1. How big is the charge dipole of the chain about its Cα centre, in debye rounded to the nearest 20, if each Lys and Arg gets +1 on its Cβ and each Asp and Glu gets -1 on its Cβ?
2. Please state, rounded to one decimal and in Å, the Kirkwood hydrodynamic radius that region 125-187 gives when every pair of distinct Cα atoms enters the mean of 1/r.
3. Positive end of the charge dipole of the chain (Lys, Arg +1 and Asp, Glu -1 on Cβ, about the Cα centre): tell me which of 82, 136, 234 has its Cα farthest that way.
4. Whole number in Å², please: accessible area per residue of the chain, 1.4 Å probe, ligands, DNA and RNA not counted.
5. Treating the chain as a set of equal point scatterers at the Cα positions, no solvent, please give the Debye-formula log₁₀ I(q)/I(0) at q = 0.13, 0.15 Å⁻¹.
6. With a 1.4 Å probe and all protein chains left in place, how much of the accessible area of the chain comes from carbon and sulfur atoms, in whole percent?
7. Binning every alpha carbon pair distance of region 63-114 at 5 Å from zero, what are the percents per bin?
8. Which distance in Å, rounded to a whole number, links the C-alpha centroids of region 58-89 and region 159-193?
Amino acid sequence: MKLLIAVDSAISTDVLVGAVGVRPWPDGTTAHVLSVVADADVPEELWREEGYGKRAVQREMERRGEQITALSVERLREIGIPAEVVVTRGDARFLIPFFARKWSSDLIFVRAHVRKDYAHWMLGSVARAVVATAPCTVQIVRDAGEDRAQTLDSGRRVLLATDGSKTSAQAARAVAARPWPEGSEFRVISVEEPWTVKSSRVRNEKEAQDAVSSAEQVLASAGLKATGAVLSGNTKAALLQEAQKWAAELIVVGSHGRRGFRRFLLGSVSEAVAMNAHCSAVVVRAPRKNQ
């Protein structure tokens, strides 16, 4: 397993490495810790000190590299994951997917935006762009806070969204393949939109129920018990509301599902759910061939 951990500060490094540390990983897992420095990240006083030249950016890259290395490499090594820190300059929206392809990454960790200032690169636009264009699965990490801190042994509440498409099946298999702590709970949700043009509402409801049943069977084959439900309404809103109501700690969705009136899991839906959820979210994408 090859991980790409995209960080932009000491705080995000701590949160993201913490998220990596609370789940088991297969032998041979490695990580790249990537930080992208934009010109706007360089303090004004450093620009002035260096005469507004390239050296200002280089110094900021060196500072960030030292800081991130100290925070991440040893912690990852403690959980058995050798890591390399890479700091580069440019636009994180493009460079994170670029390096994921270059390194043949299997999973990208990126933090959900928590700040509003435009000078900070980890805005929603970065995470959104990574979800939309990454060549592999992406986990959007939200800090649960000290009162809900997780450990390797704490059970999880996982909500899996499905529409019966191949990518939804891939998401179900990804959940089934991952080891989960004892006491973890799973809920499978499908949504039918009543106002969407379709040949038969009864048929559409049956397809939604079949999608839920199929995903439940995949989880059951791995010894995971799940509850399931078919909801009615706007897909994005229904999934987000159910996740909040059920107090989910992780949402799992597929990416770029089959298009059409009877398939809800389009890229825009998975992206919207990942970006607006109250908890962390995983957008599962099968690796593209010949990466």
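The values are calculated or read from the model by the stated rules, or taken from the named source; none is laboratory data. Nothing here was measured: the structure is a model prediction, and the numbers come from that model. Cβ atoms come from the backbone with ideal geometry, glycine included; neighbour counts cover every protein chain shown. Just the protein is used for accessible areas: all its heavy atoms, side chains included, with ligands, DNA and RNA removed. Shrake-Rupley method; radii C 1.70, N 1.55, O 1.52, S 1.80 Å.
1. Details: 40 positive and 34 negative charges, 264 e Å.
The calculation lands at about 1260 debye.
2. Working: mean 1/r = 0.0717 Å⁻¹.
Radius from the Kirkwood sum: 13.9 Å.
3. 234
4. Details: 14080 Å² over 291 residues.
Per residue, the chain has an accessible area of 48 Å².
5. Result of the Debye calculation: -0.89, -1.13.
6. Values: 7230 of 14080 Å².
For the chain, the apolar C and S fraction of the accessible surface comes to 51 percent.
7. So the P(r) values, bin by bin, are 5, 14, 21, 28, 23, 8, 1.
8. Computed from Cα coordinates, the inter-centre distance equals 33 Å.
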